[in-house]
Amino acid sequence: MAPKARGGEHVYGGAHRGALARLAEPLSRRARQRRHDLYRRAMAPRPGDSILDVGCGPAGLAGYEPDADVTGLDLADRPDYPGRRFVRGDARALPFEDGSFEIAYSNSLVEHLAPADRHRFAAEIRRVAARYWVQTPNRYFPIEPHALLPGFQFLPEPAQRRLWRIGVPHTPYERIELLNATQLRDLFPDAVILRERIAGLTKSLIAAGPAKGVRSQG
């Protein structure tokens, strides 16, 4: 059985925890555990594999796999990061040699990058690792996962700015352009596109690749 995330972590950080975030927290925890189970099935990481978690946040993959050889990378300092090592860096210009890792892992990061920067990110992921797993929320899922509001992703920016504080009242507005499956495949043309579903709807999309290195499609 795959290890569980550490109990003290919140999917929605303390600064985000408005009423909607508190309601969404248990569902998001379960969704992330299922996603991690899918990662284990699809990528079949071996003991000793070197893994880079791009955009790791406070814990990321290391919160689920404390014994794995995980290097976390983030723009912000993470002094309490639980993985083997932490590197502060930019996902668009990874500070590693070609082929430094067995697996590059990235969870809910690419949608935060400007569309013009996403191909650079994808190229860097493929450059530094033999295999990769890149997850992003599905643009066409009814609930936008950052603002936690239905249809929020389709609104013009002025309307988004006005409504943002309803879902995440204690954080500054961030313009986030979610991806659809076609856009994710354009970034990772050699990948298998996996779909994380809730009630039959695709909640998030995962580019796992190269396709020949993916054991299962979940």
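Checking the stated criteria, residue 182 turns out not to satisfy the condition of being polar (S, T, N, Q), modelled with pLDDT under 95 and out of contact with any strand residue (DSSP E or B) (no Cβ under 9 Å at 6 or more places or on another chain).
Quick check, is residue 147 of a type in the set (A, V, I, L, M) and modelled with pLDDT of 95 or more? No, not satisfied. Here 115, 145, 158, 172 are screened, and the one residue that is farther than 16 Å from residue 54 by Cβ and in contact with a strand residue (DSSP E or B) (Cβ under 7 Å, 6 or more places away or on another chain) is 145.
Can you spot a residue in the stretch 65-79 that is buried (at least 23 other Cβ atoms within 10 Å of the Cβ), touching a strand residue (DSSP E or B) at 6+ places or on another chain (Cβ under 7 Å), more than 27 Å from residue 30 (Cα to Cα) and in contact (Cβ under 8 Å) with a residue 12 or more places away in the chain? The answer is no; no qualifying residue exists. For residue 96, are the conditions met, namely being assigned to a loop (DSSP other than H, G, I, E, B), more than 14 Å from the chain's Cα centre (by Cα) and modelled with pLDDT of 95 or more? Judged against the criteria, residue 96 is a match.
The values are calculated or read from the model by the stated rules, or taken from the named source; none is laboratory data. All of these numbers come straight from a predicted model, not from anything done at the bench. Every residue, glycine among them, receives a Cβ derived from its backbone with ideal geometry; neighbour counts consider all protein chains shown.
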